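Data block below; observations after.
The values are calculated or read from the model by the stated rules, or taken from the named source; none is laboratory data. Because the structure is predicted, anything quoted here is derived from the model rather than measured. Quick reminder, even Gly has a Cβ in these numbers, built from the backbone with ideal geometry, and neighbours come from all protein chains shown. Side chains included, ligands, DNA and RNA excluded: accessible areas come from the protein's heavy atoms. Shrake-Rupley method; radii C 1.70, N 1.55, O 1.52, S 1.80 Å.
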Amino acid sequence: MLENKKQIYIKTREKLKAFEYAFTIINWDTETEAPVGALDKRSDVIGVISSMYNDLIFDQEYVDSVNYLFEHIELLDELLQREIYKVKKNLDSTLKLPKELLIEFSVVTAKAGPAWVEAKQNDNFSIFEPHLTRIVEMQKEMITYLETNELKGYDVLLDQYEEGMTVKKYDQFFELLKKELVPLIKEISQCEYSYKLDFANKCYPVEKQKEFAKYIAEVMCFDYTHGLDKESEHPFTSGNGRNDVRLTNHYYEDYFVSSIFSMIHELGHATFDQQVSEKFDDTVLEGCTAMALHESQSRFYENIVGRSYQFWQKHFPKLKEIFQEQLNDVSLEDFYHYVNKAECSLIRTEADELTYPLHIMIRYDLEQALLSGQIEVKDLPTYWNKAYKEYLGIDVPNNKLGVLQDIHWAGGSFGYFPTYALGSAYSAQFYNAMKQNLDIDVAFGAEKLVDVNSWLKENVHQYGDYKKPEDILKDATGEEFNPKYYVEYLVNKYRKLYNLK
Ligand SMILES: [Zn+2]
(Lines give C-alpha, C1' and ligand atoms only; values in the text may rest on other atoms or scores of the structure.)
Protein backbone atom coordinates (compact mmCIF):
# COMPACT_ATOMS: atom_id res chain seq x y z
CA MET A 1 0.00 0.00 0.00
CA LEU A 2 2.70 2.45 1.03
CA GLU A 3 4.72 1.71 -2.11
CA ASN A 4 1.67 2.14 -4.26
CA LYS A 5 0.83 5.53 -2.71
CA LYS A 6 4.43 6.61 -3.09
CA GLN A 7 4.32 5.73 -6.79
CA ILE A 8 1.17 7.76 -7.31
CA TYR A 9 2.67 10.70 -5.46
CA ILE A 10 5.96 10.63 -7.36
CA LYS A 11 4.29 10.28 -10.74
CA THR A 12 2.03 13.27 -10.14
CA ARG A 13 4.91 15.27 -8.71
CA GLU A 14 6.79 14.70 -11.94
CA LYS A 15 3.88 16.09 -13.93
CA LEU A 16 3.34 19.04 -11.59
CA LYS A 17 7.00 19.94 -11.81
CA ALA A 18 6.88 19.79 -15.58
CA PHE A 19 3.97 22.26 -15.56
CA GLU A 20 5.82 24.52 -13.14
CA TYR A 21 8.86 24.44 -15.40
CA ALA A 22 6.68 25.44 -18.34
CA PHE A 23 5.11 28.29 -16.35
CA THR A 24 8.54 29.61 -15.42
CA ILE A 25 9.74 29.53 -19.01
CA ILE A 26 6.60 31.26 -20.28
CA ASN A 27 6.93 33.89 -17.57
CA TRP A 28 10.62 34.35 -18.35
CA ASP A 29 9.79 34.85 -22.00
CA THR A 30 6.99 37.33 -21.15
CA GLU A 31 9.31 39.42 -19.00
CA THR A 32 12.29 39.39 -21.35
CA GLU A 33 11.48 38.89 -25.03
CA ALA A 34 7.86 38.21 -25.92
CA PRO A 35 6.38 40.70 -28.38
CA VAL A 36 3.56 42.85 -26.99
CA GLY A 37 1.19 41.49 -29.63
CA ALA A 38 1.58 37.96 -28.30
CA LEU A 39 0.20 38.74 -24.86
CA ASP A 40 -3.46 37.86 -25.54
CA LYS A 41 -2.64 34.50 -27.03
CA ARG A 42 -0.26 33.86 -24.18
CA SER A 43 -2.93 34.51 -21.49
CA ASP A 44 -5.27 32.08 -23.26
CA VAL A 45 -2.57 29.44 -23.28
CA ILE A 46 -1.73 30.08 -19.62
CA GLY A 47 -5.44 29.73 -18.79
CA VAL A 48 -5.59 26.29 -20.43
CA ILE A 49 -2.39 25.06 -18.83
CA SER A 50 -3.37 26.41 -15.40
CA SER A 51 -6.62 24.53 -15.41
CA MET A 52 -4.80 21.28 -16.36
CA TYR A 53 -2.36 21.99 -13.52
CA ASN A 54 -5.19 22.53 -11.03
CA ASP A 55 -6.90 19.32 -12.15
CA LEU A 56 -3.71 17.47 -11.25
CA ILE A 57 -3.41 19.10 -7.82
CA PHE A 58 -7.02 18.37 -6.90
CA ASP A 59 -7.05 14.89 -8.41
CA GLN A 60 -8.57 12.68 -5.70
CA GLU A 61 -6.09 9.86 -6.16
CA TYR A 62 -3.21 12.29 -5.67
CA VAL A 63 -4.81 14.00 -2.66
CA ASP A 64 -5.46 10.58 -1.11
CA SER A 65 -1.86 9.53 -1.66
CA VAL A 66 -0.56 12.68 0.05
CA ASN A 67 -2.94 12.16 2.97
CA TYR A 68 -1.95 8.51 3.28
CA LEU A 69 1.75 9.28 3.19
CA PHE A 70 1.25 12.01 5.76
CA GLU A 71 -0.53 9.61 8.10
CA HIS A 72 2.39 7.17 7.73
CA ILE A 73 5.07 9.80 7.69
CA GLU A 74 7.33 7.96 10.15
CA LEU A 75 7.72 5.15 7.59
CA LEU A 76 9.20 7.48 4.97
CA ASP A 77 12.84 8.42 4.53
CA GLU A 78 13.79 11.85 5.88
CA LEU A 79 13.76 13.56 2.53
CA LEU A 80 10.29 12.34 1.64
CA GLN A 81 9.07 13.15 5.16
CA ARG A 82 9.94 16.82 4.72
CA GLU A 83 8.49 16.83 1.22
CA ILE A 84 5.19 15.35 2.28
CA TYR A 85 5.01 17.69 5.26
CA LYS A 86 5.33 20.69 2.94
CA VAL A 87 3.02 19.38 0.24
CA LYS A 88 0.35 18.44 2.78
CA LYS A 89 0.53 21.88 4.39
CA ASN A 90 0.05 23.64 1.05
CA LEU A 91 -2.66 21.29 -0.05
CA ASP A 92 -4.56 21.72 3.22
CA SER A 93 -4.49 25.45 3.01
CA THR A 94 -5.82 25.35 -0.55
CA LEU A 95 -8.46 22.74 0.21
CA LYS A 96 -9.64 24.54 3.35
CA LEU A 97 -10.72 27.54 1.31
CA PRO A 98 -14.09 27.33 -0.42
CA LYS A 99 -13.59 27.14 -4.19
CA GLU A 100 -15.92 30.13 -4.76
CA LEU A 101 -13.81 32.23 -2.44
CA LEU A 102 -10.63 31.31 -4.32
CA ILE A 103 -12.20 32.10 -7.66
CA GLU A 104 -13.60 35.41 -6.41
CA PHE A 105 -10.19 36.29 -4.96
CA SER A 106 -8.48 35.75 -8.29
CA VAL A 107 -11.13 37.86 -10.05
CA VAL A 108 -10.91 40.65 -7.45
CA THR A 109 -7.11 40.80 -7.55
CA ALA A 110 -7.07 40.62 -11.36
CA LYS A 111 -9.23 43.77 -11.43
CA ALA A 112 -7.36 45.45 -8.61
CA GLY A 113 -4.09 45.40 -10.58
CA PRO A 114 -5.18 47.72 -13.40
CA ALA A 115 -7.15 49.86 -10.90
CA TRP A 116 -3.97 50.31 -8.89
CA VAL A 117 -2.06 51.36 -12.04
CA GLU A 118 -4.75 53.88 -12.92
CA ALA A 119 -4.94 55.22 -9.37
CA LYS A 120 -1.17 55.60 -9.26
CA GLN A 121 -0.97 57.29 -12.66
CA ASN A 122 -3.68 59.77 -11.70
CA ASP A 123 -2.56 60.09 -8.11
CA ASN A 124 -6.10 59.22 -7.07
CA PHE A 125 -6.44 56.79 -4.17
CA SER A 126 -10.22 56.62 -4.46
CA ILE A 127 -9.91 54.62 -7.72
CA PHE A 128 -8.08 51.87 -5.85
CA GLU A 129 -9.90 52.17 -2.53
CA PRO A 130 -12.99 49.96 -3.22
CA HIS A 131 -10.75 47.21 -4.64
CA LEU A 132 -8.43 47.25 -1.67
CA THR A 133 -11.37 47.34 0.73
CA ARG A 134 -12.71 44.14 -0.82
CA ILE A 135 -9.25 42.52 -0.77
CA VAL A 136 -8.85 43.26 2.93
CA GLU A 137 -12.32 41.83 3.66
CA MET A 138 -11.48 38.69 1.71
CA GLN A 139 -8.12 38.30 3.42
CA LYS A 140 -9.91 38.44 6.78
CA GLU A 141 -12.37 35.82 5.60
CA MET A 142 -9.59 33.57 4.30
CA ILE A 143 -7.80 33.79 7.62
CA THR A 144 -10.85 32.39 9.41
CA TYR A 145 -10.69 29.29 7.20
CA LEU A 146 -6.93 28.87 7.53
CA GLU A 147 -6.51 29.36 11.28
CA THR A 148 -5.07 26.41 13.22
CA ASN A 149 -4.36 25.79 16.89
CA GLU A 150 -0.94 27.37 16.46
CA LEU A 151 -1.65 30.05 13.90
CA LYS A 152 -4.22 32.78 14.42
CA GLY A 153 -5.02 36.02 12.59
CA TYR A 154 -2.16 37.76 10.77
CA ASP A 155 0.17 34.89 11.78
CA VAL A 156 -1.57 32.74 9.18
CA LEU A 157 -0.40 35.06 6.42
CA LEU A 158 3.08 35.66 7.85
CA ASP A 159 3.71 31.92 7.99
CA GLN A 160 2.80 31.55 4.30
CA TYR A 161 5.77 33.65 3.25
CA GLU A 162 8.21 32.62 5.94
CA GLU A 163 7.51 29.37 7.74
CA GLY A 164 7.61 29.85 11.50
CA MET A 165 7.35 33.65 11.62
CA THR A 166 4.68 35.23 13.82
CA VAL A 167 3.45 38.65 14.94
CA LYS A 168 5.17 38.09 18.27
CA LYS A 169 8.56 37.59 16.62
CA TYR A 170 8.14 40.41 14.12
CA ASP A 171 6.94 42.81 16.85
CA GLN A 172 10.11 42.26 18.85
CA PHE A 173 12.17 42.76 15.71
CA PHE A 174 10.51 45.98 14.60
CA GLU A 175 10.41 47.41 18.13
CA LEU A 176 14.17 47.07 18.32
CA LEU A 177 14.63 48.66 14.90
CA LYS A 178 12.41 51.56 15.87
CA LYS A 179 14.28 52.15 19.12
CA GLU A 180 17.79 51.97 17.66
CA LEU A 181 17.49 53.18 14.09
CA VAL A 182 15.06 56.09 14.22
CA PRO A 183 17.39 58.25 16.40
CA LEU A 184 20.46 57.26 14.36
CA ILE A 185 18.76 58.21 11.11
CA LYS A 186 17.78 61.59 12.60
CA GLU A 187 21.39 62.15 13.65
CA ILE A 188 22.74 61.24 10.22
CA SER A 189 20.25 63.46 8.42
CA GLN A 190 21.92 66.41 10.16
CA CYS A 191 25.43 65.43 9.02
CA GLU A 192 27.13 67.17 6.16
CA TYR A 193 28.16 64.94 3.25
CA SER A 194 31.66 65.85 2.12
CA TYR A 195 32.39 63.36 -0.67
CA LYS A 196 32.17 63.76 -4.42
CA LEU A 197 28.74 63.13 -5.91
CA ASP A 198 28.74 64.74 -9.34
CA PHE A 199 29.82 61.55 -11.12
CA ALA A 200 26.71 59.65 -10.07
CA ASN A 201 24.33 60.82 -12.78
CA LYS A 202 26.69 61.22 -15.71
CA CYS A 203 25.98 59.15 -18.79
CA TYR A 204 27.18 55.54 -18.51
CA PRO A 205 26.58 53.66 -21.78
CA VAL A 206 24.52 50.50 -21.33
CA GLU A 207 26.97 48.31 -23.25
CA LYS A 208 29.73 49.20 -20.82
CA GLN A 209 27.45 48.62 -17.83
CA LYS A 210 26.80 45.16 -19.26
CA GLU A 211 30.51 44.56 -19.52
CA PHE A 212 30.88 45.31 -15.81
CA ALA A 213 27.84 43.16 -14.98
CA LYS A 214 29.52 40.19 -16.72
CA TYR A 215 32.68 40.90 -14.75
CA ILE A 216 30.64 40.79 -11.50
CA ALA A 217 29.09 37.47 -12.57
CA GLU A 218 32.62 36.10 -12.89
CA VAL A 219 33.62 37.48 -9.51
CA MET A 220 30.62 35.72 -7.98
CA CYS A 221 31.39 32.49 -9.94
CA PHE A 222 27.98 32.33 -11.64
CA ASP A 223 27.79 29.15 -13.71
CA TYR A 224 26.68 30.15 -17.23
CA THR A 225 26.45 26.55 -18.39
CA HIS A 226 23.48 26.23 -16.01
CA GLY A 227 22.17 29.76 -16.13
CA LEU A 228 21.82 32.96 -18.11
CA ASP A 229 21.07 36.65 -17.76
CA LYS A 230 18.98 39.06 -19.79
CA GLU A 231 17.20 42.39 -19.45
CA SER A 232 13.73 43.14 -18.12
CA GLU A 233 11.83 46.11 -16.69
CA HIS A 234 12.30 44.92 -13.09
CA PRO A 235 15.25 42.68 -12.24
CA PHE A 236 14.34 39.19 -10.98
CA THR A 237 15.70 35.66 -10.69
CA SER A 238 13.79 32.53 -11.57
CA GLY A 239 15.10 29.19 -10.50
CA ASN A 240 14.12 25.85 -11.93
CA GLY A 241 16.36 23.67 -9.89
CA ARG A 242 20.10 24.17 -9.88
CA ASN A 243 20.53 23.38 -13.58
CA ASP A 244 18.49 26.23 -15.01
CA VAL A 245 18.86 29.47 -13.11
CA ARG A 246 18.02 32.71 -14.89
CA LEU A 247 18.29 36.31 -13.82
CA THR A 248 17.56 39.68 -15.32
CA ASN A 249 18.88 43.17 -14.88
CA HIS A 250 17.82 46.67 -15.88
CA TYR A 251 20.21 49.34 -17.11
CA TYR A 252 19.77 53.11 -16.70
CA GLU A 253 22.28 55.31 -18.52
CA ASP A 254 22.01 58.08 -15.95
CA TYR A 255 21.98 55.85 -12.85
CA PHE A 256 24.71 53.29 -13.31
CA VAL A 257 25.01 51.95 -9.76
CA SER A 258 21.47 50.64 -10.01
CA SER A 259 22.53 47.91 -12.46
CA ILE A 260 25.63 47.06 -10.41
CA PHE A 261 23.71 46.39 -7.20
CA SER A 262 20.76 44.76 -8.94
CA MET A 263 23.21 42.40 -10.61
CA ILE A 264 24.86 41.52 -7.31
CA HIS A 265 21.46 41.10 -5.66
CA GLU A 266 20.04 38.80 -8.34
CA LEU A 267 23.30 36.85 -8.52
CA GLY A 268 22.88 36.32 -4.77
CA HIS A 269 19.52 34.63 -5.39
CA ALA A 270 21.04 32.73 -8.30
CA THR A 271 24.04 31.51 -6.32
CA PHE A 272 21.66 30.13 -3.70
CA ASP A 273 19.71 28.27 -6.39
CA GLN A 274 22.82 26.93 -8.11
CA GLN A 275 24.36 25.70 -4.88
CA VAL A 276 21.47 23.51 -3.70
CA SER A 277 22.54 19.90 -3.24
CA GLU A 278 21.90 17.51 -6.14
CA LYS A 279 20.18 15.23 -3.61
CA PHE A 280 17.06 17.34 -4.02
CA ASP A 281 16.96 17.38 -7.83
CA ASP A 282 13.41 16.96 -9.18
CA THR A 283 11.84 17.00 -5.71
CA VAL A 284 9.79 19.86 -4.28
CA LEU A 285 12.79 20.66 -2.07
CA GLU A 286 15.14 21.70 -4.87
CA GLY A 287 14.42 25.41 -4.44
CA CYS A 288 14.05 27.41 -1.24
CA THR A 289 10.51 28.79 -0.87
CA ALA A 290 11.14 30.75 2.34
CA MET A 291 11.04 34.34 1.12
CA ALA A 292 13.13 35.92 3.88
CA LEU A 293 15.80 33.24 3.74
CA HIS A 294 16.15 33.68 -0.02
CA GLU A 295 16.23 37.43 0.38
CA SER A 296 18.85 37.10 3.11
CA GLN A 297 21.22 35.67 0.52
CA SER A 298 20.64 38.31 -2.16
CA ARG A 299 21.06 41.01 0.45
CA PHE A 300 24.11 39.37 1.93
CA TYR A 301 25.87 39.67 -1.42
CA GLU A 302 24.39 43.04 -2.31
CA ASN A 303 24.92 44.90 0.97
CA ILE A 304 27.26 43.06 3.26
CA VAL A 305 29.73 42.02 0.57
CA GLY A 306 28.83 44.33 -2.31
CA ARG A 307 28.83 47.56 -0.32
CA SER A 308 31.90 46.68 1.73
CA TYR A 309 35.15 48.59 1.51
CA GLN A 310 37.14 45.40 0.88
CA PHE A 311 35.04 44.49 -2.14
CA TRP A 312 35.51 47.86 -3.83
CA GLN A 313 39.15 48.08 -2.93
CA LYS A 314 39.53 45.05 -5.18
CA HIS A 315 37.03 45.85 -7.94
CA PHE A 316 36.89 49.65 -8.19
CA PRO A 317 39.99 49.68 -10.47
CA LYS A 318 38.10 47.51 -12.96
CA LEU A 319 35.09 49.81 -12.82
CA LYS A 320 37.36 52.80 -13.40
CA GLU A 321 39.02 51.05 -16.30
CA ILE A 322 35.65 50.50 -18.00
CA PHE A 323 34.40 54.03 -17.27
CA GLN A 324 37.65 55.94 -17.58
CA GLU A 325 36.04 59.15 -18.67
CA GLN A 326 33.21 59.24 -16.11
CA LEU A 327 35.23 58.10 -13.08
CA ASN A 328 38.53 59.74 -13.93
CA ASP A 329 38.76 61.96 -10.84
CA VAL A 330 36.68 59.79 -8.51
CA SER A 331 38.46 58.13 -5.61
CA LEU A 332 37.68 54.81 -3.95
CA GLU A 333 36.59 56.79 -0.88
CA ASP A 334 34.16 58.88 -2.93
CA PHE A 335 32.66 55.81 -4.53
CA TYR A 336 32.46 53.82 -1.31
CA HIS A 337 30.70 56.64 0.52
CA TYR A 338 28.35 57.27 -2.38
CA VAL A 339 27.12 53.65 -2.51
CA ASN A 340 26.57 53.74 1.25
CA LYS A 341 24.94 57.15 1.49
CA ALA A 342 21.98 57.23 3.90
CA GLU A 343 19.09 59.51 3.17
CA CYS A 344 15.43 59.54 4.17
CA SER A 345 13.40 59.09 1.02
CA LEU A 346 9.85 58.37 -0.07
CA ILE A 347 10.28 55.29 -2.24
CA ARG A 348 10.99 51.93 -0.65
CA THR A 349 12.72 50.32 -3.63
CA GLU A 350 15.19 53.20 -3.84
CA ALA A 351 15.95 53.36 -0.13
CA ASP A 352 19.45 52.78 1.23
CA GLU A 353 20.48 49.97 3.53
CA LEU A 354 19.92 51.95 6.73
CA THR A 355 16.51 53.50 6.10
CA TYR A 356 15.07 50.55 4.15
CA PRO A 357 13.77 48.54 7.13
CA LEU A 358 11.73 51.51 8.34
CA HIS A 359 9.80 51.51 5.06
CA ILE A 360 8.98 47.88 5.76
CA MET A 361 8.06 48.51 9.38
CA ILE A 362 5.50 51.10 8.28
CA ARG A 363 3.86 48.62 5.91
CA TYR A 364 3.87 45.90 8.55
CA ASP A 365 2.15 48.15 11.10
CA LEU A 366 -0.46 49.21 8.56
CA GLU A 367 -1.22 45.66 7.41
CA GLN A 368 -1.78 44.60 10.97
CA ALA A 369 -3.99 47.59 11.68
CA LEU A 370 -6.06 46.94 8.55
CA LEU A 371 -6.54 43.24 9.24
CA SER A 372 -7.44 43.77 12.87
CA GLY A 373 -9.96 46.42 11.89
CA GLN A 374 -8.12 49.11 13.81
CA ILE A 375 -8.07 51.32 10.72
CA GLU A 376 -10.11 51.38 7.52
CA VAL A 377 -8.83 51.40 3.96
CA LYS A 378 -10.28 54.85 3.32
CA ASP A 379 -8.01 56.31 6.04
CA LEU A 380 -4.91 54.49 4.84
CA PRO A 381 -3.27 57.50 3.10
CA THR A 382 -3.57 59.56 6.30
CA TYR A 383 -1.94 56.87 8.41
CA TRP A 384 0.71 56.25 5.78
CA ASN A 385 1.74 59.91 5.68
CA LYS A 386 1.71 60.16 9.46
CA ALA A 387 4.06 57.18 9.76
CA TYR A 388 6.53 58.56 7.19
CA LYS A 389 6.68 61.82 9.11
CA GLU A 390 7.14 60.09 12.43
CA TYR A 391 9.81 57.55 11.46
CA LEU A 392 11.60 59.09 8.51
CA GLY A 393 10.86 62.73 9.20
CA ILE A 394 9.56 63.42 5.71
CA ASP A 395 6.37 64.82 4.25
CA VAL A 396 4.64 62.72 1.61
CA PRO A 397 3.59 65.13 -1.15
CA ASN A 398 1.07 62.83 -2.85
CA ASN A 399 -0.29 59.27 -2.82
CA LYS A 400 1.65 58.32 -5.93
CA LEU A 401 4.87 58.71 -3.96
CA GLY A 402 3.13 57.40 -0.86
CA VAL A 403 0.55 54.72 -0.27
CA LEU A 404 0.16 53.88 -3.98
CA GLN A 405 3.83 53.11 -4.69
CA ASP A 406 3.83 49.30 -4.22
CA ILE A 407 1.90 46.69 -6.18
CA HIS A 408 1.80 44.07 -3.39
CA TRP A 409 -1.57 44.89 -1.80
CA ALA A 410 -3.29 44.96 -5.19
CA GLY A 411 -2.21 41.34 -5.62
CA GLY A 412 -3.50 40.42 -2.18
CA SER A 413 0.00 39.75 -0.87
CA PHE A 414 -0.51 40.63 2.79
CA GLY A 415 2.28 39.34 5.02
CA TYR A 416 4.91 39.50 2.29
CA PHE A 417 6.57 42.87 3.05
CA PRO A 418 8.05 41.95 6.45
CA THR A 419 10.16 39.21 4.82
CA TYR A 420 12.21 41.90 3.06
CA ALA A 421 13.43 43.36 6.34
CA LEU A 422 13.76 39.97 7.96
CA GLY A 423 16.02 38.83 5.11
CA SER A 424 18.43 41.67 5.83
CA ALA A 425 18.38 40.83 9.52
CA TYR A 426 19.14 37.15 8.84
CA SER A 427 22.01 38.20 6.59
CA ALA A 428 23.63 40.17 9.42
CA GLN A 429 23.33 37.16 11.73
CA PHE A 430 24.98 34.94 9.09
CA TYR A 431 27.69 37.56 8.68
CA ASN A 432 28.42 37.49 12.39
CA ALA A 433 28.84 33.71 12.24
CA MET A 434 30.90 33.83 9.03
CA LYS A 435 33.33 36.22 10.70
CA GLN A 436 34.22 33.53 13.24
CA ASN A 437 35.41 31.17 10.47
CA LEU A 438 36.61 33.38 7.66
CA ASP A 439 39.04 36.22 7.35
CA ILE A 440 36.52 38.73 5.98
CA ASP A 441 39.13 41.11 4.56
CA VAL A 442 40.52 38.28 2.46
CA ALA A 443 37.17 36.71 1.57
CA PHE A 444 35.36 39.93 0.56
CA GLY A 445 38.42 41.39 -1.14
CA ALA A 446 39.24 38.29 -3.18
CA GLU A 447 39.35 38.20 -6.95
CA LYS A 448 36.52 35.67 -6.83
CA LEU A 449 34.09 35.14 -3.95
CA VAL A 450 34.94 31.46 -3.63
CA ASP A 451 35.25 31.41 0.17
CA VAL A 452 32.03 33.32 0.73
CA ASN A 453 30.21 31.02 -1.68
CA SER A 454 31.45 27.88 -0.03
CA TRP A 455 30.63 29.06 3.48
CA LEU A 456 27.09 29.88 2.39
CA LYS A 457 26.77 26.64 0.45
CA GLU A 458 27.84 24.61 3.45
CA ASN A 459 25.62 26.45 5.94
CA VAL A 460 22.63 27.60 3.90
CA HIS A 461 22.40 26.89 0.18
CA GLN A 462 22.89 23.15 0.01
CA TYR A 463 19.65 22.52 1.94
CA GLY A 464 17.25 24.10 -0.56
CA ASP A 465 13.84 23.71 1.06
CA TYR A 466 14.85 20.71 3.15
CA LYS A 467 15.41 22.52 6.42
CA LYS A 468 13.11 25.08 8.00
CA PRO A 469 14.57 28.61 7.87
CA GLU A 470 14.69 28.81 11.66
CA ASP A 471 16.76 25.60 11.79
CA ILE A 472 19.15 26.78 9.08
CA LEU A 473 19.72 29.97 11.04
CA LYS A 474 20.18 28.14 14.32
CA ASP A 475 22.55 25.51 12.91
CA ALA A 476 24.62 28.06 10.99
CA THR A 477 24.87 30.70 13.70
CA GLY A 478 24.44 28.76 16.93
CA GLU A 479 21.33 30.62 18.00
CA GLU A 480 17.78 31.46 17.08
CA PHE A 481 16.88 34.56 15.13
CA ASN A 482 18.32 37.50 17.02
CA PRO A 483 17.74 40.98 15.55
CA LYS A 484 20.53 42.48 17.65
CA TYR A 485 23.11 41.45 15.00
CA TYR A 486 21.33 43.44 12.34
CA VAL A 487 21.04 46.53 14.50
CA GLU A 488 24.66 46.22 15.60
CA TYR A 489 25.81 45.82 12.02
CA LEU A 490 23.90 48.90 10.83
CA VAL A 491 24.81 51.06 13.80
CA ASN A 492 28.53 50.21 13.61
CA LYS A 493 28.70 50.61 9.86
CA TYR A 494 26.86 53.92 9.69
CA ARG A 495 28.45 55.48 12.78
CA LYS A 496 31.81 54.83 11.17
CA LEU A 497 30.73 56.07 7.74
CA TYR A 498 29.41 59.31 9.19
CA ASN A 499 32.14 59.78 11.78
CA LEU A 500 29.72 59.72 14.69
CA LYS A 501 30.87 58.98 18.21
ZN1 LIG B 1 15.46 39.78 -4.00
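Of note:
- Count of segment 278-316 residues which are assigned to a loop (DSSP other than H, G, I, E, B), open to solvent by less than 30 Å² (accessible area, probe 1.4 Å), under 26 Å from K341 (Cβ atoms) and within 16 Å of the ligand (Cβ to nearest atom): 1
- Every test in (1) in a helix (DSSP H, G or I); (2) surrounded by fewer than 22 Cβ atoms within 10 Å (Cβ to Cβ) is passed by A428 save one, and that test is (2).
- Any chance S258 is in a helix (DSSP H, G or I) and without any contact (Cβ under 8 Å) to a residue 12 or more places away in the chain: yes
- In a residue-by-residue description of segment 452-470, the property of being modelled with pLDDT of 95 or more, open to solvent by less than 30 Å² (accessible area, probe 1.4 Å), under 16 Å from A270 (Cβ atoms) and in a loop (DSSP other than H, G, I, E, B) applies to at least one position.
- Odd one out for Y62 among (1) open to solvent by 50 Å² or more (accessible area, probe 1.4 Å); (2) modelled with pLDDT of 95 or more; (3) in contact with a Ser or Thr (Cβ under 6 Å, 6 or more places away or on another chain): (1)
- Segment 216-236 - residue that is closer than 17 Å to V450 by Cα and in contact (Cβ under 8 Å) with a residue 24 or more places away in the chain and, of those, farthest from the ligand (Cβ to nearest atom): E218
- In the set (1) open to solvent by 40 Å² or more (accessible area, probe 1.4 Å); (2) among the hydrophobic types (A, V, I, L, M, F, W, C); (3) free of Cβ contacts under 8 Å to residues at least 60 places away in the same chain, the condition left unmet by M1 is number (3).
- Residue match in segment 217-231 (condition: open to solvent by less than 30 Å² (accessible area, probe 1.4 Å), in contact with a strand residue (DSSP E or B) (Cβ under 8 Å, 6 or more places away or on another chain) and aliphatic (A, V, I, L, M)): yes
- Apart from one condition, G415 fits all of (1) open to solvent by 20 Å² or more (accessible area, probe 1.4 Å); (2) part of a loop (DSSP other than H, G, I, E, B); (3) under 24 Å from K169 (Cα atoms); the exception is (1).
- Of all residues in segment 194-231 being charged (D, E, K, R) and in a loop (DSSP other than H, G, I, E, B), the one that is nearest to F444 (Cα to Cα): D223
- Residues that are open to solvent by 30 Å² or more (accessible area, probe 1.4 Å), within 16 Å of the ligand (Cβ to nearest atom) and among the hydroxyl-bearing types (S, T, Y), drawn from segment 237-277: T237
- Taken over segment 170-200, residues that are small (G, A, S) and touching a residue at least 60 places away in the same chain (Cβ under 8 Å) amount to 2.
- Some residue of segment 331-340 being of a type in the set (D, E), touching a residue at least 24 places away in the same chain (Cβ under 8 Å), within 16 Å of the ligand (Cβ to nearest atom) and closer than 28 Å to G393 by Cβ: no
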